[in-house]
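Below you'll find the structure, written out as structure tokens, and then a few comments.
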Number of protein chains: 2
Amino acid sequence: MSQKIVSLTVRDVRFPTSVEQHGSDAMHTDPDYSAAYVLIDTDSGLKGFGLTFTLGKGTEIVVCAVEALAPLVVGKSLQEIVSDFRGFYRLLTSDGQIRWLGPEKGVIHLATAAVLNAVWDLWARAEGKPLWKLLVDMDPKQIVSCIDFRYITDVLTEEEAHDILVKAQEGKQQREDEMLKGGYPAYTTSCAWLGYSDQQLQQLCTDALQSGWTKFKVKVGADLEDDKRRCCLIRQMIGPSNTLMIDANQRWDVAEAISWVSSLAEFNPLWIEEPTSPDDILGHAAISKALAPLGIGVATGEQCHNRVMFKQFLQASALQFVQIDSCRLGSVNENLAVMLMAQKFQVPVCPHAGGVGLCELVQHLILFDYICLSANLHNRMCEYVDHLHEHFTSPVVIQDAHYMPPKARWNRKESNEEEVQSFGYKRFAFLKCCGLKVLSVWA
Amino acid sequence: MSQKIVSLTVRDVRFPTSVEQHGSDAMHTDPDYSAAYVLIDTDSGLKGFGLTFTLGKGTEIVVCAVEALAPLVVGKSLQEIVSDFRGFYRLLTSDGQIRWLGPEKGVIHLATAAVLNAVWDLWARAEGKPLWKLLVDMDPKQIVSCIDFRYITDVLTEEEAHDILVKAQEGKQQREDEMLKGGYPAYTTSCAWLGYSDQQLQQLCTDALQSGWTKFKVKVGADLEDDKRRCCLIRQMIGPSNTLMIDANQRWDVAEAISWVSSLAEFNPLWIEEPTSPDDILGHAAISKALAPLGIGVATGEQCHNRVMFKQFLQASALQFVQIDSCRLGSVNENLAVMLMAQKFQVPVCPHAGGVGLCELVQHLILFDYICLSANLHNRMCEYVDHLHEHFTSPVVIQDAHYMPPKARWNRKESNEEEVQSFGYKRFAFLKCCGLKVLSVWA
């Protein structure tokens, strides 16, 4: 069967998370978790689902961008795409007229991510595997054939990437079995959004400890005294042996970041996340250097817009934790490039997740990272946030603070045309979005 | 009069420049010069006009983004905006939901530029001055009050910026008189687009020499032998004392850039423009270092997306020519920040222009740069491209290869409601766009 793509549809889906201050931080005080949600139809009846995450207002702009990319996708067959996936990636990112709007950044790259995420989903469905398993089963040559090495060859060539993948083949099956049994370690961000009261923090932290969580992230950056009180409270509750991370969501300039975080050093955070502008590689390098003596690393990436930026963050020793995002980078293709560079520099990948659908997406990437690249769990963990999973037909499964690998569900029957299919990469249910909890759906 | 903004309208305007290969380069082979064009109406009847430049496809995405920003503008008075212009800038760039789509990059920042360009136009009209004169007449305190210093204070604080401006007051009147008399030096890109035949090159170069041009830019990067032939041809025609620049429009990776440009060193180019990804600060630094012994500088900026990136290009000695853009950065506000940082690092500003309206816009900024900042013309020049000026009611005036400062035309009568007003910052004629030459107007 050719799996020719006959149409691409995109929807604007929004949830009113701001009402209860879920997701609130020092720069995003009232996010309404949203998505530009893409559906690809093929002539065989098989579908692919993809999304990119947004914060509410402006989702319609990303929808408009997806529509601008659609003509590059519709009419192609899956086979045609995956037999030259690098070429297809470049077709989407390098159109001579559209690339002016990026290139490979902002709205147009978010749209590229949503479209490519749907193509990867289609591929996984066609193979009858969850995405992580599709990736794990690919040979190194096929993996590198999906990557556009343009602008990163000074740090990673195709040959070098291939060698890294070949070298990591050893013990692969064992690691896959290990993941299927125990899952990938996670940390929680759900206890300490900036807009939560101390009472809420305490209650959520108590619950999380009881559920087996050992790693906790706290939002900081709006008010130093508040931050001290909140960090003190959380550290007291979790004790000295559990892990605390802090996240400023780009609130500071370089000097302010150094002094502010130094004031919080007594609470022994593993990392400070997004201390300043996501574009400021040299700024992050200065902060990293200043905080190293305090034992605090710098983490960033959820708004790092492409592989060229990650390349430089690694070259400049500007981060100690690489936070890839499944929807900000150009889907699996560009994430593969970044994970390979991180492996070369021996910097741990700790994905950004949360929002809507990010956990469901990024778990596949981090499973690939462990099984086929890093073979290492030291200082490695994937973010988890417990909102909005109920809107997915197959939400992530967390067990004892670990992401349990999604399994293919070969025989699941699809209910009807309008309901989304139920296994594979992304499984967002359209119909549920039309219910009470959805702020708006512009279809 | 309050000048309260009562509406903001945006249009998608496109010209079929690709038909004759105007604007063609190694990465943008078929640009249709276009604009998202903004019109602001006030309760006094005064209007403001602004635009951001695009290459055709995708202009509708920028239009959609402008519409998303409109609610932040409509209802405000000009007085309210300019009395806290830094605050207004941050309102547009830091909305807690919309900033996720950037921040300050890509589509959303292009839209910000178009909107703010219209606000600056409105201000200039309200003052009855062309924009450059409005800027030149502002005192240093008022200038710095327009700038958002967030994320650049490690390189430039408000106090430092103020001091630089105060120091440059000396000789200001003399430089203004000098500009009014002789204009600002320009170079031409119109002779050597990549899609032009050798015969066209020769004819255009002959014409340009006769019109007094002494500085010429050649597009390179698609084929080395072609580049050698074209550079040789142009260098022979212009002779050894005139200036040649080359422009690769991001075609290469770092190592390839160094070897390719070294092969063209015999033609003695002043700079290589955009050798690689516009995001690759460290790559540009490596290229700069390698080419310095050959006497070739690196120029970049037309796709450098914000002040944080320019800050790092300057910190890393990654460019020797700062190419600001009037529509890629956040309008006059962010360009002021970049020009001030360039002045601090003593790196010449040589603006990007061309496209549609970019010459009309950026001439105001470079006049300010000379009169109020640099006081220096060594290795400084503004790009000029001679397409599409006929669509402006008051096109740029070039005299002996110099930009002649636009003058206020106090008494010019406006023809009717639908025709755009005719003095001030930007003067794009809507009605002309509906004629034969326009590819499409989506109103």
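The values are calculated or read from the model by the stated rules, or taken from the named source; none is laboratory data. Bear in mind the structure is a predicted one, so any value in this text is a computation, not a measurement. Because the Cβ atoms are built from the backbone with ideal geometry, glycine has one as well, and the counts that use them run over all protein chains shown.
So here's what we get for this one:
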read-out: Index of the failed condition, B:LEU319 passing every other in (1) within 12 Å of another protein chain (Cβ to nearest Cβ); (2) closer than 21 Å to A:ILE281 by Cβ; (3) not acidic (Asp, Glu); value: (1)
read-out: Members of region B:356-370 found to be over 22 Å from B:LEU55 (Cβ atoms), of a type outside the set (A, V, I, L, M, F, W, C) and out of contact with any Leu (no Cβ under 6 Å at 6 or more places or on another chain), listed by number; value: B:ASP369, B:TYR370
read-out: Boolean, B:ALA222 is within 14 Å of another protein chain (Cβ to nearest Cβ) and modelled with pLDDT under 95; value: yes
read-out: Residue that is more than 19 Å from the chain's Cα centre (by Cα), surrounded by fewer than 20 Cβ atoms within 10 Å (Cβ to Cβ) and not assigned by TED's automatic domain parsing to the domain that holds B:ARG328, where the choices are B:LYS167, B:LYS181; value: B:LYS167
read-out: Pairs where the first residue, in region A:27-40, is more than 10 Å from chain B (Cβ to nearest Cβ) and farther than 14 Å from A:GLY354 by Cβ and the second is of a type in the set (Phe, Trp, Tyr) and part of a strand (DSSP E or B), C-beta under 8 Å, 6+ apart; value: A:TYR37/A:PHE49; A:TYR37/A:PHE428; A:VAL38/A:PHE49; A:LEU39/A:PHE49; A:ILE40/A:PHE49
read-out: In region B:297-335, residue nearest to the chain's Cα centre (by Cα) [restricted to those that are polar (S, T, N, Q) and part of a loop (DSSP other than H, G, I, E, B)]; value: B:SER326
read-out: Filtered residue count, region A:41-59, keeping only those that are among the aliphatic types (A, V, I, L, M), within 14 Å of chain B (Cβ to nearest Cβ) and surrounded by fewer than 24 Cβ atoms within 10 Å (Cβ to Cβ); value: 0
read-out: 1 or more residues within 14 Å of chain A (Cβ to nearest Cβ), of a type outside the set (A, V, I, L, M) and in contact (Cβ under 8 Å) with a residue 24 or more places away in the chain: qualifying helices (runs of 4 or more DSSP H) within region B:100-214; value: B:106-127, B:158-167
read-out: Condition check for B:HIS364: in contact (Cβ under 8 Å) with a residue 24 or more places away in the chain and either surrounded by fewer than 24 Cβ atoms within 10 Å (Cβ to Cβ) or farther than 21 Å from B:THR112 by Cβ (or both); value: no
read-out: Residues that are at pLDDT 95 or above and charged (D, E, K, R), drawn from region A:347-381; value: A:ASP369, A:ARG380
read-out: Region B:1-14 - residue that is touching a Leu at 6+ places or on another chain (Cβ under 6 Å) and buried (at least 21 other Cβ atoms within 10 Å of the Cβ) and, of those, nearest to B:GLY195 (Cα to Cα); value: B:ARG14
read-out: Verdict on B:VAL62 being among the aliphatic types (A, V, I, L, M), within 14 Å of chain A (Cβ to nearest Cβ) and crowded, with 24+ Cβ neighbours inside 10 Å; value: yes
read-out: Pair list, Cβ < 7 Å and 6+ apart or interchain, from region A:225-251 residues that are touching a residue at least 24 places away in the same chain (Cβ under 8 Å) to residues that are polar (S, T, N, Q) and not in a helix (DSSP H, G or I); value: A:ASN242/A:THR214; A:THR243/A:THR214; A:LEU244/A:ASN268; A:GLN250/A:THR276; A:GLN250/A:SER277
read-out: Which numbered condition B:SER77 fails, given (1) surrounded by fewer than 24 Cβ atoms within 10 Å (Cβ to Cβ); (2) touching a residue at least 60 places away in the same chain (Cβ under 8 Å); (3) hydroxyl-bearing (Ser, Thr, Tyr); (4) closer than 24 Å to B:GLY357 by Cα; value: (4)
read-out: Residue within region B:368-378 that is more than 24 Å from B:TRP252 (Cα to Cα) and within 14 Å of chain A (Cβ to nearest Cβ) present; value: no
read-out: Only one of B:LEU116, B:LEU101 that is closer than 23 Å to A:ASN306 by Cα, aliphatic (A, V, I, L, M) and surrounded by 24 or more Cβ atoms within 10 Å (Cβ to Cβ); value: B:LEU101
read-out: Qualifying positions in region B:382-410 - at pLDDT 90 or above, surrounded by fewer than 17 Cβ atoms within 10 Å (Cβ to Cβ) and out of contact with any strand residue (DSSP E or B) (no Cβ under 6 Å at 6 or more places or on another chain); value: B:GLN399, B:ASP400
read-out: Residues located in region B:277-300, provided they are within 13 Å of another protein chain (Cβ to nearest Cβ), in contact with a Ser or Thr (Cβ under 9 Å, 6 or more places away or on another chain) and surrounded by 21 or more Cβ atoms within 10 Å (Cβ to Cβ); value: B:PRO278, B:GLY283, B:HIS284, B:ILE287
read-out: Residue match in region A:211-230 (condition: under 20 Å from A:MET404 (Cβ atoms), among the aliphatic types (A, V, I, L, M) and buried (at least 22 other Cβ atoms within 10 Å of the Cβ)); value: no
read-out: Set A:ALA299, A:ALA290, A:ALA248, A:ALA255: member being in contact with a Phe, Trp or Tyr (Cβ under 7 Å, 6 or more places away or on another chain), of a type in the set (Gly, Ala, Ser) and closer than 30 Å to B:ILE152 by Cβ; value: A:ALA299
read-out: Test: residue in region A:324-335 that is crowded, with 24+ Cβ neighbours inside 10 Å, β-branched (Val, Ile, Thr), modelled with pLDDT of 95 or more and more than 28 Å from A:GLN363 (Cβ to Cβ); value: no
read-out: Selection from region B:215-272 of residues that are within 16 Å of B:HIS284 (Cβ to Cβ), part of a loop (DSSP other than H, G, I, E, B) and of a type in the set (D, E, K, R); value: B:ARG251, B:ASP253
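Yes or no, residue by residue, for (1) aromatic (Phe, Trp, Tyr); (2) modelled with pLDDT under 95; (3) within 14 Å of B:LEU8 (Cβ to Cβ):
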site	(1), (2), (3)
B:ALA36	no, yes, yes
B:GLY45	no, yes, no
B:GLY58	no, no, no
B:LEU69	no, no, yes
B:LEU72	no, no, yes
B:ILE81	no, no, yes
B:ARG90	no, no, no
B:ILE108	no, no, no
B:GLU127	no, yes, no
